[in-house]
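A short write-up of the structure that comes next.
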Amino acid sequence: IPDHDHYRGSFGGRVYPLWHDAAAKTPNIPPHLLGLLADVYGHPVSAEDIMAYLAAIMAHPAFTARFQPDLVQPGLRVPLTADPALFAEAAALGREVIWLHTYGERFADPAAGLPKAPPRMAEGERPFIPEEGGIPGKPEPLPDTMEYDAAKRRLHVGKGFVDNVSPEMWNYEVSGKQVVWHWFSYRRRDRTRPQIGDKRPPSPLDSVQPDHWLAEYTSDLIDLLNVLGRVVALEPVQADLMERILKAELIKADHLKAALGDDGKDN
């Protein structure tokens, strides 16, 4: 997922689609690259395999920390393993990463423990709302406060609360934004933001919202916390795999350029 580290020129984020077409039949990957990797690994390699490999190796903080100097200039560079076993391990791990990022909509595989449903942490580890912690709905107005109690691992939402919320879930950031708080800021009673500079005042449409906390908000929050908990848990696994790949044999850039020729110049 694009972040500030992938510099675009004016702000963070540039998207490279996996598919060229809406039907998801023509991959946005040079055909020669798929053939080259198939030769290296000894079995066919799909566009989804490559996308999953990229997610496993790059979508975690250790990648950014390790390659910070290389991220200053546009263009991401990924270490591509020459080891078939490491590639398979990364592709499997990356499928779980993307499954998490898409709330179970992509790369679902029930046999691998990835059902086509919102992800859940293990029983006893997942966040939950105890009976006395229910977030009040109607006739209570929308809550305006969200606070975190690290000692109790408790997330307060107005008069309600969620237990079993780790500091890592609460502090998780994407593109410099604290995800849980940012999620709440679009559902709180007062959604106004400080006006910066000479910008137009907020639209009156900003005030159109429910007059009470909706049950679906609670479900969304629990889904989000479960995803964040599992993403955080995968980070050390991804970091370890990245280090093992860096220590093993890599496919050199010159080898790729020579094999791809003109077919890979714009990809």
Handout entry: Test: residue in the stretch 116-126 that is surrounded by 14 or more Cβ atoms within 10 Å (Cβ to Cβ) and free of Cβ contacts under 8 Å to residues at least 12 places away in the same chain
Key = no
Condition set without any contact (Cβ under 8 Å) to a residue 24 or more places away in the chain and part of a loop (DSSP other than H, G, I, E, B), scope the stretch 52-76, selection surrounded by the most Cβ atoms within 10 Å (Cβ to Cβ): answer is PHE67
With the first residue restricted to the stretch 207-223 and required to be closer than 12 Å to PHE184 by Cβ and in a loop (DSSP other than H, G, I, E, B), and the second required to be open to solvent by less than 60 Å² (accessible area, probe 1.4 Å) and of a type in the set (A, V, I, L, M), Cβ contacts under 9 Å at 6 or more apart or on different chains are TRP213/ILE135; TRP213/LEU142; TRP213/VAL157
Scanning the stretch 22-50 for residues that are in contact with a Phe, Trp or Tyr (Cβ under 9 Å, 6 or more places away or on another chain) and assigned to a helix (DSSP H, G or I), the one surrounded by the most Cβ atoms within 10 Å (Cβ to Cβ) turns out to be LEU37
task: Kindly indicate whether any position in the stretch 53-74 is under 14 Å from the mean Cα position of the chain (by Cα), modelled with pLDDT of 95 or more, among the β-branched types (Val, Ile, Thr) and farther than 30 Å from LEU214 by Cα.
output: yes
When the stretch 149-174 is checked residue by residue, the ones that are surrounded by fewer than 18 Cβ atoms within 10 Å (Cβ to Cβ), touching a residue at least 24 places away in the same chain (Cβ under 8 Å) and farther than 16 Å from VAL231 by Cα are LYS159, ASP163
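The values are calculated or read from the model by the stated rules, or taken from the named source; none is laboratory data. These figures come from a predicted structure and were not determined experimentally. Note: ideal-geometry Cβ built from the backbone for every residue, glycine included; neighbour counts use all protein chains shown. Keep in mind that these areas ignore ligands, DNA and RNA; they rest on the heavy atoms of the full protein, side chains included. Shrake-Rupley method; radii C 1.70, N 1.55, O 1.52, S 1.80 Å.
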